[in-house]
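A.B. asks: Input: one structure, supplied below.
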Amino acid sequence: LSPAGAQSTQLLVEPPWRPAVLWDRVTLTCRGSGTAGATTWYKDGQRWGQEGRDRFTVTESGTYTCDRPGSGRSPPVHAVNATPVLQVPARVLLEGDSLTLSCRV
């Protein structure tokens, strides 16, 4: 649990679909209340070479997370390079919400 008032780290995906598909030219942005420019990136659970950058374009399949000092590690984002893939919007869905699915080939 986060302390009261603390903001957790978020990993924003553009375009906003999950899973992220590499041929969509996916950009990941790490946001949180922690120190800007002090982001640590992880790919498949291992520290990865985008240190200090808050934003980058994904070029490899894998599971990505980021960490900002003071707000912790983000939830994972899966980037794939496969066809076909069923995508859903990268947002919280509640029962009764309308949902658009995208089948990409």
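The numbers here are math on the coordinates, done by the rules we state, and not lab data. Quick caveat, the model's predicted, so the values are computed rather than measured. For neighbour counting, all protein chains shown are included, and Cβ atoms are generated from backbone atoms with ideal geometry for every residue, glycine included.
A.B. asks: Round to the nearest 0.05 the FRET efficiency obtained for residue 38 and residue 61 when R0 = 30 Å and r is the Cβ-Cβ distance.
C.D. replies: Calculated value: 0.70.
A.B. asks: What ranking do 8-19, 36-47 get when scored by the average of other Cβ atoms within 10 Å per residue, highest first?
C.D. replies: Result, highest mean first: 8-19, 36-47.
A.B. asks: Hey, how many Å between the Cα centroid of region 69-99 and the Cα centroid of region 6-66?
C.D. replies: The distance from the Cα centre of region 69-99 to that of region 6-66 comes to 12 Å.
A.B. asks: What does the highest-first list of 90-101, 60-71, 75-86 look like by mean Cβ count within 10 Å?
C.D. replies: 60-71, 75-86, 90-101
A.B. asks: Compute the normalised compactness of region 21-71: alpha-carbon radius of gyration over 2.2 N^0.38 Å, N being the residue count.
C.D. replies: That ratio works out to 1.10.
A.B. asks: Once the other residues with Cβ under 14 Å from the Cβ of residue 39 are scored (Lys, Arg +1; Asp, Glu -1), what is the net sum?
C.D. replies: Result for the neighbourhood of residue 39: +4.
A.B. asks: Let me check against my output: what whole-number percent is the relative contact order of region 39-104, with C-alpha pairs under 8 Å and at least 6 apart?
C.D. replies: Worked out over region 39-104, it gives 24 percent.
A.B. asks: Let me ask another. Please list the non-local residues whose amide H lies under 5 Å from the amide H of residue 18, H modeled 1.01 Å from N, same-chain partners needing a gap of 5 or more.
C.D. replies: Distant-sequence amide H within range of residue 18: 88, 90.
A.B. asks: Hey, another quick one. Nearest 5 percent is fine: what portion of the DSSP beta bridges confined to region 10-104 is antiparallel?
C.D. replies: Counting DSSP beta bridges with both partners in region 10-104, the antiparallel share is about 95 percent.
A.B. asks: Mind sorting out which of (i) 2, 12, 22, 22, 18, 13, 8, 3, 0; (ii) 2, 13, 26, 25, 21, 10, 3, 1, 0; (iii) 2, 10, 16, 16, 15, 15, 11, 7, 4, 2, 1, 0 is the real P(r) over Cα pairs in 5 Å bins from 0, in percent computed from the coordinates?
C.D. replies: (i)
A.B. asks: Would you tally the net charge around residue 52, using a Cβ to Cβ cut-off of less than 13 Å, leaving residue 52 out, and scoring K and R as +1, D and E as -1?
C.D. replies: Cβ neighbours under 13 Å give a net charge of +1.
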